[in-house]
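The values are calculated or read from the model by the stated rules, or taken from the named source; none is laboratory data. Keep in mind that this is a model prediction, so the values were computed, not measured. Virtual Cβ from ideal backbone geometry, glycine too; neighbours counted across all protein chains shown.
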Amino acid sequence: MEAMARGCDDAWGVEDRYVTEASSATAHIITSDGKRVTRGLSNAILHGITRVDGKAVGTGKPGPLTLTLRQLYIEKKIAARSR
């Protein structure tokens, strides 16, 4: 709610000075030596669908419903910003 009040579309969750997650994404951080790290699965955060495990879902490409929903989301966000 605070993020929206400040004109933001999303917000990062922070716990004990560490980024944990966003409201619509899982935080992935690349270290200086190129290693990707993210918070481990636990009951402390929601298990996101954006986690990378190297396994394709279906064909590995977005299907027609996902593409339609994505386009509707983008259009809604653009419309909201122009109000």
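If I go through the stretch 10-46 residue by residue, how many of them are at pLDDT below 80 and either in contact with a helix residue (DSSP H, G or I) (Cβ under 9 Å, 6 or more places away or on another chain) or surrounded by fewer than 10 Cβ atoms within 10 Å (Cβ to Cβ) (or both)?
Final tally of qualifying residues: 4.
Considering the stretch 1-40 alone, what residues qualify as being in a loop (DSSP other than H, G, I, E, B), of a type in the set (A, V, I, L, M) and more than 15 Å from the chain's Cα centre (by Cα)?
Across the stretch 1-40, the qualifying residue is only Met1.
Is it true that some residue in the stretch 56-79 is within 13 Å of the chain's Cα centre (by Cα) and modelled with pLDDT under 80?
No, the stretch 56-79 contains no residue that is within 13 Å of the chain's Cα centre (by Cα) and modelled with pLDDT under 80.
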